[in-house]
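J.: Dropping the structure in here first, questions after.
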Number of protein chains: 2
Amino acid sequence: MSIQNLIASVNERLTPTELRIAEAVLDDPMLLTFGTVSALAERAGTSRASIVRFATKLGFEGYSELQKSVRDGVSQQLTSPSHRVRHQDGPTAPIQFEIENAMHQAFEVLDDTCLRAMADPIVVAPNIWILSGETSMAGAHALYSGLSMTRPNVRLIQEHATGRELCGALPGDVAVVFDFARYRKNAVIAARTLSDLGVTIVAITDGPLSPLSSLTEIRCELKIPAVGPFDSSVPAVIAAELLVAEVVSELRDEARNRIDRLEVFWQATGTFLNYGPRPNRDA
Amino acid sequence: MSIQNLIASVNERLTPTELRIAEAVLDDPMLLTFGTVSALAERAGTSRASIVRFATKLGFEGYSELQKSVRDGVSQQLTSPSHRVRHQDGPTAPIQFEIENAMHQAFEVLDDTCLRAMADPIVVAPNIWILSGETSMAGAHALYSGLSMTRPNVRLIQEHATGRELCGALPGDVAVVFDFARYRKNAVIAARTLSDLGVTIVAITDGPLSPLSSLTEIRCELKIPAVGPFDSSVPAVIAAELLVAEVVSELRDEARNRIDRLEVFWQATGTFLNYGPRPNRDA
DNA sequence: GTGGACTTGTAACAAACTGTACAATATAAT
DNA sequence: ATTATATTGTACAGTTTGTTACAAGTCCAC
């Protein structure tokens, strides 16, 4: 039961001082969530003892218990919905469960603000460099595939050719770096070098502990589930695809024109068999 | 500045114990919001003093000040209306729905029987050839990455080099082909040629109408959602990862030994930075 | 006015808190 | 091997905490 309802249920039995306390609590719930007895007493213009009596009148053992109850409620509010359903039963497909969880988390992290922050530099940069460790290549490929159909000068850097390929990078370019624990030395060092060079780093990684996180604020931090002995690429791929979609929606006609020209080229070279439905181009 | 960014900004200067603290804090932010120094110390398996030092390293006067900062952030979150509506709608909601649907369908299709049917040939074949259209490369890469860490003689075929690379294929080999509507002529023709040659085809595709489906009974048929103007690679990646997991579990010690040897090699060449927790290898 | 019930603040206290000085231990460098 | 450095835990000091006992004050009935 919420603190508001709790107070309502006893409001007719409250003494004048207790009423002042109640008003203070209702006016600023954070007082009860974080505050001490002393703080609340001062705010309500009363003594600490009255605060404790107020708590007992609400049916708690003391102030501590009242505060614990309030905090539990706040915790529930704050924890993500995916977190709440985490402890379901039926571990028939633990992998599926893990991946779905990670996916939920990915969609939560990749909200409008985050996507736009990552897409904006990509839209305007003269060159895009995509870096990735060998083991997290799937996400990088998804991004490369989508971006290169959307705008020019997108390059995917193979690990063994990092130096040779990156030497063309200039200030104002953007490097999108995929890297997850345990972080590839090659990718991290390359990112750091590019950053020093004035290249904007967009990081798709797995948490504030990532060495990439200290390089840039333009980043998303994904939860990576395990599939058997290896890490899943699904979150990285989702991030890449949403990022592409965001870039497309920001570039609008420019991207659409490029896609159409690509389509002409495909038709001319007979790339496809043209069976089945065309992919969706309305979004 | 959020606690996550704060930790990110110093993550490379953290000592092992402080890293454990950081992990605990990131894992359960409520611990920092409500908990005491003692509680955090116990959770992180360290002493109270280290908690205080951790707080100072983050730039605060002490733990109290750190906690105050976190609480200020939480207060803002709770009072701002954006928090309440954040998890409901948004431009990514329909995409999320589509992808989740496709994912469920993928897990349904990729049941034990199907996975084993696809994994069995891969386990015994002398050579594995992975084919994919340029646009559905992410799944192929996920499979290549996983399989090549699991068994020898796995090759990913680039479209422009199909002929040159595939001429080494022999009867008894296995070709895993990724292809979705609108089907790549190159991939389909290559698969057909290989099939005629006596190579077992394992198809990861999108339905009975696929030209690949007529080539082999060893296949899975996925539903492919759209993300913006392009098709999602997520189902293909999931299929690839589950397939790898199945192959690993069938190869057992053989795969484990190879992974261990790979690990030795990684260690020797210093591939990783080895920050953060090791990936899960128990599953 | 006086007694009794009720309300409220003061004071005392034990427990728990944070922060710091110091010692022990582990790690690195010479 | 030995010094120097960095890291971590222990112990203690000084506050602040929540709680409770007690006294002062208030209100009402008679």
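Every number here is computed from the coordinates shown, using simple stated rules; none is lab data. Predicted model only: the values in this text are computed from it and were never measured. Note that we place each Cβ from the backbone using ideal geometry, even for glycine, and neighbour counts take in every protein chain shown.
J.: With a cut-off of 8 Å between alpha carbons and a minimum separation of six or more residues, what is the relative contact order of chain A in percent?
T.: This gives 16 percent for chain A.
J.: Grab the alpha carbons of segment B:1-77, take their convex hull, and tell me the volume per residue in Å³.
T.: 76
J.: Let me ask you something else. Which whole number in µm²/s is D for chain B by Stokes-Einstein, with the Kirkwood Rh taken over Cα pairs at 25 °C and 0.890 mPa s?
T.: In µm²/s, the coefficient is 109.
J.: Moving to a separate point now. Find every distance from the label point of residue B:198 to the corresponding label point in the other copies (7 Å from Cα along Cα→Cβ) and write them in nm, one decimal, shortest first.
T.: 6.2
J.: Provide the gained length on full extension for the span residue B:15 to residue B:267, in nm with one decimal, where the gain is 0.36 nm per separating residue minus the Cα-Cα distance.
T.: Stretched out fully, the residue B:15 to residue B:267 stretch lengthens by 88.6 nm.
J.: What is the Cα convex hull volume of segment A:180-241 when expressed per residue in Å³?
T.: Considering the Cα atoms of segment A:180-241, their hull volume per residue is 81 Å³.
J.: Taking each label point as 7 Å beyond Cα in the direction of the beta carbon, state the distances from residue A:266 to the same residue in the other copies, shortest first, in nm.
T.: Copy-to-copy label distances at residue A:266, shortest first: 3.6 nm.
J.: Hey, how many Å between the Cα centroid of segment B:210-275 and the Cα centroid of segment A:142-206?
T.: 23
J.: Any chance you could run the full-extension gain for residue A:56 through residue A:193? It's 0.36 nm times the residue separation minus the Cα-Cα distance, nm to one decimal.
T.: Contour length minus Cα-Cα distance gives 43.2 nm.
J.: Here's a follow-up. At residue B:153, with labels set 7 Å past Cα in the Cβ direction, how many nm apart are the copies from this one, shortest first?
T.: In nanometres, ordered from closest: 4.6.
J.: Need the list of lysines near residue A:68 for cross-linking: C-alpha distance under 26 angstrom, and skip anything on the same chain fewer than eight residues off.
T.: A:57, B:68
J.: Are there any GluC sites (Glu not before Pro) in segment B:37-66 that are in a DSSP loop and have at most 13 other Cβ atoms within 10 Å? List them by number.
T.: Those that pass, being in a loop and sparsely packed, are B:61.
J.: Towards the positive end of the charge dipole of chain A, with charges on Cβ (+1 Lys, Arg; -1 Asp, Glu), say which of A:174, A:226, A:97 has the farthest Cα.
T.: A:226
J.: Could you compute the net charge surrounding residue B:151? Neighbours are other residues with a C-beta less than 9 Å from the C-beta of residue B:151; K and R count +1, D and E count -1.
T.: 0
J.: Per 5 Å bin, what is the whole-percent P(r) computed from every C-alpha pair distance within segment A:96-147?
T.: Going out from 0 Å in 5 Å bins, segment A:96-147 shows 4, 16, 16, 25, 24, 10, 3, 1, 0 percent.
J.: Å³ per residue of the Cα convex hull, for the protein assembly as shown?
T.: About 173 Å³ per residue, rounded to a whole number.
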